[in-house]
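The values are calculated or read from the model by the stated rules, or taken from the named source; none is laboratory data. What you see is a predicted model, and the numbers here were worked out from it, not measured in a lab. For neighbour counting, all protein chains shown are included, and Cβ atoms are generated from backbone atoms with ideal geometry for every residue, glycine included.
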Amino acid sequence: MSQAGKKRSSSVAHQSTSGPGKKAKGPAGVDSFDASAHMVSGSNAKLMGSGFVSSAFLGDQLNDLHGTSGDMMIDLKHQAAGDGFGSIGPFGVESSSGQAATANLSRRKQTPAQPVKRPIIKAFREKPKLPDNFEERTWEKLKEAVTAIHQKQSVSCSLEELYRAVEDLCVHRMAPNLYRRLQQECECHISAKLRGLLGQSPDPVVFLTHVDSAWQDHCNQMLMIRSIALYLDRTYVLQNSSVRSLWDMGLQLFRKHLASCPEVEKKTVKGLLRLIERERLGETVDRPLLKNLLRMFGALGIYTESFERPFLEETAEFYAAEGTRFMQQTDVPDYLKHVETRLHEENERCLQYLDLATRKPLIAVAEKQLLERHTAATLEKGFRQLMDANRVADLGRMYSLFMRVNALDLLKQAFSQYVKQMGQELVMDEEKEKDMVSYLLDLKARLDTIREESFQNQEVFANTLKDAFEHVVNLRQNRPAELIAKFIDAKLRAGNKGTSEEELEAVLDKVLVLFRFIQGKDVFEAFYKKDLAKRLLLGKSASIDAEKSMISKLKTECGSQFTNKLEGMFKDIDLSKDIIDSFRQSAQARTKLPSGIEMNVHVLTTGYWPTYPPMEVKLPHELNVYQDIFKEFYLSKHSGRRLMWQNSLGHCVLKADFPKGKKELSVSLFQTVVLMLFNDEDRLSYQEIKDATGIEDRELRRTLQSLACAKIRVLQKFPKGRDVEDDDVFSFNEDFTASLFRIKVNAIQLKETVEENTSTTERVFQDRQYQLKFPLKPADLKKRIESLIDREYLERDKSNAQKYNYLA
């Protein structure tokens with residue numbers, strides 16, 4: 001590139017750099033540097049690139065071009081100094097010091113300015129030619145370097161020199177041959193390397209280390225070769241879309257020769273599977289080794305076909321055997337924990353060394369073998385035990401796992417079946433009727449906790465619980481409704497000590513949930529109204545506010561029509577207080593009432609209150625006089641009305657003078673009538689008492705039993721016994737004693753008999769005749785149809801006896 005013996009022409013060599021050069025990223029994360037040098041001579045310009053450019057290197061190039069570059073640089077300095085720009089350093093123009101600048105300025109003022117001499121750039125007289133065998137000699141240099149890299153030996157030439165060699169070949173359009181020769185060299189080396197693995201260790205796990213070593217060597221060597229031939233990669237490869245990059249070419253060659261050695265690939269996959277199986281069995285394995293080899297399969301593009309498919313097949317076999325074995329050996333809670341742990345391990349395995357795309361099919365395989373195949377067996381073997389033991393956490397784990405395999409329908413069915421079985425055991429057991437409502441409330445509270453905490457408060461399970469409980473509560477058509485009414489009566493009745501208003505409200509709210517499940521709400525209404533009447537009339541209500549709160553709750557649930565009569569009962573009680581106050585201030589009361597007696601009367605509206613059978617009794621003269629005077633007063637105020645006395649609901653407080661002290665006895669009206677007979681007689685037979693009181697036989701026997709056979713014995717019975725017979729004789733008990741002054745003789749709220757319950761149920765059935773929606777027994781329906789036929793509202797179809805025609 002120099003012209004010897006010619007007249008030296010002026011030329012300029014200019015280096016343009018930017019820091020260390022442009023930084024480029026290789027395929028494996030290796031940093032490489034690109035710098036450019038521009039050489040201008042005359043009108044010819046060439047783009048020269050070098051990975052490592054130095055000032056000494058530039059000096060050599062300039063010497064090659066002109067031979068006397070030192071003189072040229074001196075001339076440039078002289079011209080620059082003459083112009084007052086300071087000295088030129090190796091990296092450009094360097095400014096002079098402050099004193100030199102001042103001296104130059106003064107010199108300019110004293111001497112006139114000289115014209116600037118500019119360097120003249122001329123072209124070469126003859127075009128430069130490449131040396132003979134330039135391509136072969138350059139390739140031999142590169143081949144020697146590639147061979148040294150493959151053999152892990154030091155390269156004799158500098159990387160800068162090798163880079164420039166590649167660049168020179170590319171600039172002179174020799175890139176295709178260079179690419180082909182590099183590919184041949186790499187292919188020979190890779191082929192020999194993989195064939196060398198055929199005779200390695202027979203142990204697949206140990207064999208993996210040799211494969212990993214070969215792969216790591218390949219990656220490092222290709223990175224080194226690529227850094228040397230980076231100019232080839234960035235020019236020739238980029239300009240030809242059909243040509244692979246050097247890195248991709250290396251991968252293609254590795255993949256090609258690995259496929260030609262199926263034993264190596266098969267043995268590698270076998271070793272990987274063996275290593276993963278050992279890890280599943282609890283052994284510690286070399287995870288980095290697994291990660292490197294699986295990344296190799298991914299980089300070669302054979303991960304899915306060569307590894308993932310057999311891996312998933314072996315995973316299915318492994319967990320199929322393990323699932324069957326564990327289901328036989330462990331209980332359900334431990335099995336669910338094991339499944340949860342296994343799924344977590346497989347997820348971690350994907351994060352650590354498997355390809356992330358494997359996660360979905362891998363988890364699906366594990367879920368199918370460990371869960372989906374055993375859902376029915378899991379429910380059958382342990383669901384009831386978990387429910388009975390209230391294992392909230394284990395049930396929550398079951399819910400989460402079943403949700404993963406879309407088996408919540410099976411869990412929902414098992415939940416519904418469990419609720420129905422447990423409820424049926426409670427509702428159909430007549431021996432537990434007394435506590436049935438309490439048991440149902442406890443069961444409902446426990447199931448609600450499981451639904452909220454274990455089943456994540458899902459609406460589908462809430463509906464399942466609702467449907468199952470509704471089925472349970474209505475297994476016995478009317479009895480649960482009756483018992484719920486009785487339960488509320490017990491809670492609202494006076495005598496519930498230690499229960500605050502807040503606790504009472506909470507209990508009523510819980511009972512209201514059971515009330516919602518009742519289909520025959522009219523049965524509940526009938527019994528609730530009967531019990532409410534007793535509480536109001538006998539003053540046995542624990543709290544009027546609680547009573548009204550319960551009415552308000554029922555009104556919210558069923559509407560105002562449902563509670564209209566119940567609200568009317570409270571109105572009657574309030575009006576009765578005003579009526580009795582007015583009566584006591586009337587002239588009849590002040591002038592006609594017998595002395596020593598104080599009577600309180602409740603005036604009840606017939607339509608609001610339960611229907612009570614009339615019971616006749618011969619009242620003492622004083623009470624008859626009182627009733628007649630009150631009746632006269634009331635009818636004088638309310639003409640057209642009719643009063644009918646309900647003797648079965650009356651109660652009195654008697655003052656008794658016993659030899660051992662005076663007492664006050666709180667008794668029913670019937671008890672009062674019987675006791676007052678003993679003011680005139682010491683001993684009376686059963687028949688004499690019956691004739692004197694006129695009380696119905698069954699009621700009289702219960703009354704005498706409460707006075708002479710119970711815990712508080714105001715009378716004595718001869719002979720002694722619990723039952724009252726026709727020939728029994730009764731006398732006043734002169735030896736009676738008690739610590740309290742006022743004594744309650746329990747005879748008012750007697751236990752309901754079968755006849756009373758039947759009567760209440762029959763009244764409900766009569767009311768249902770005019771309703772459209774209610775639970776009905778087939779026999780009752782047939783009765784109503786026959787009644788409508790008799791009254792000529794319906795007729796049987798002549799052609800089909802199963803059909804009925806309406807008669808207009």
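Report yes if some residue within the range 100-108 is in a helix (DSSP H, G or I), at pLDDT below 60, surrounded by 13 or more Cβ atoms within 10 Å (Cβ to Cβ) and polar (S, T, N, Q); otherwise report no.
Yes, the range 100-108 contains a residue that is in a helix (DSSP H, G or I), at pLDDT below 60, surrounded by 13 or more Cβ atoms within 10 Å (Cβ to Cβ) and polar (S, T, N, Q).
Can you tell which of Val264, Val332, Val285 is among the hydrophobic types (A, V, I, L, M, F, W, C) and either out of contact with any helix residue (DSSP H, G or I) (no Cβ under 8 Å at 6 or more places or on another chain) or surrounded by fewer than 18 Cβ atoms within 10 Å (Cβ to Cβ) (or both)?
Working: Val264 fails: either out of contact with any helix residue (DSSP H, G or I) (no Cβ under 8 Å at 6 or more places or on another chain) or surrounded by fewer than 18 Cβ atoms within 10 Å (Cβ to Cβ) (or both); Val332 fails: either out of contact with any helix residue (DSSP H, G or I) (no Cβ under 8 Å at 6 or more places or on another chain) or surrounded by fewer than 18 Cβ atoms within 10 Å (Cβ to Cβ) (or both).
After ruling out the rest, the residue left standing is Val285.
Any residue that is in contact (Cβ under 8 Å) with a residue 60 or more places away in the chain and outside the structural domain of Asp680 (by TED's automatic domain parsing) - is there at least one of those in the range 587-603? Let's see the steps before the verdict.
Going through the range 587-603, the residues in contact (Cβ under 8 Å) with a residue 60 or more places away in the chain turn out to be 602.
Checking which are outside the structural domain of Asp680 (by TED's automatic domain parsing) leaves us with 602.
Within the range 587-603 (the criterion being in contact (Cβ under 8 Å) with a residue 60 or more places away in the chain and outside the structural domain of Asp680 (by TED's automatic domain parsing)), the answer is yes, since at least one residue qualifies.
Just to confirm my filter: which strands (runs of 3 or more DSSP E) fall fully inside the range 637-751 and include at least 1 residues that are under 30 Å from Trp609 (Cα atoms), small (Gly, Ala, Ser) and in contact with a Cys (Cβ under 7 Å, 6 or more places away or on another chain)?
Details: elements: 651-658, 661-668, 683-685, 715-718, 729-732, 742-744.
It comes to none.
Inspect the range 489-502 for any residue being crowded, with 18+ Cβ neighbours inside 10 Å, in contact with a helix residue (DSSP H, G or I) (Cβ under 8 Å, 6 or more places away or on another chain) and touching a residue at least 60 places away in the same chain (Cβ under 8 Å) and give the result as yes or no.
No, that holds for no residue.
Scan the range 134-151 and report the pairs whose first residue is closer than 13 Å to Asn177 by Cβ and whose second residue is outside any helix (DSSP H, G or I) and not polar (S, T, N, Q), with Cβ atoms within less than 6 Å and a gap of 6+ or a chain change.
Short answer, once both residue conditions are applied: Glu135/Met174.
Can you find a residue in the range 323-331 that is at pLDDT below 95 and aliphatic (A, V, I, L, M)?
Taking every residue of the range 323-331 in turn, at least one turns out to be at pLDDT below 95 and aliphatic (A, V, I, L, M).
Identify, by number, the condition in (1) hydrophobic (A, V, I, L, M, F, W, C); (2) in the same structural domain as Arg698 (by TED's automatic domain parsing); (3) over 29 Å from Ala526 (Cβ atoms) that Leu635 doesn't meet.
Going through (1) hydrophobic (A, V, I, L, M, F, W, C); (2) in the same structural domain as Arg698 (by TED's automatic domain parsing); (3) over 29 Å from Ala526 (Cβ atoms) one by one, Leu635 breaks only (2).
For the range 322-346, name all the residues that are over 22 Å from Leu379 (Cα atoms) and under 20 Å from the mean Cα position of the chain (by Cα).
Taking the range 322-346 as the starting set, the residues that turn out to be over 22 Å from Leu379 (Cα atoms) are 344-346.
Passing the criteria: only His344.
For the range 579-600, give me each residue that is outside any helix (DSSP H, G or I) and under 22 Å from Gly650 (Cα atoms). Spell out the reasoning first.
So in the range 579-600, the residues outside any helix (DSSP H, G or I) come out as 585-586, 593-600.
Result: Leu593, Pro594, Ser595, Gly596, Ile597, Glu598, Met599, Asn600.
Looking at the range 421-468 only, could you name the residues that are among the hydrophobic types (A, V, I, L, M, F, W, C), within 22 Å of Pro480 (Cα to Cα) and assigned to a loop (DSSP other than H, G, I, E, B)?
The answer is Met428, and nothing else.
Filter the range 656-685 down to the residues that are closer than 15 Å to Leu715 by Cα and basic (Lys, Arg), then identify the one that is surrounded by the fewest Cβ atoms within 10 Å (Cβ to Cβ).
The extreme case among them is Lys660.
Report every pair of residues separated by at least 6 positions or lying on different chains whose Cβ atoms are under 7 Å apart, first residue within the range 406-421 and in contact (Cβ under 8 Å) with a residue 12 or more places away in the chain, second among the small types (Gly, Ala, Ser).
Hits for this filter: Leu410/Ala376; Ser416/Ala468; Val419/Ala468; Lys420/Ala468.
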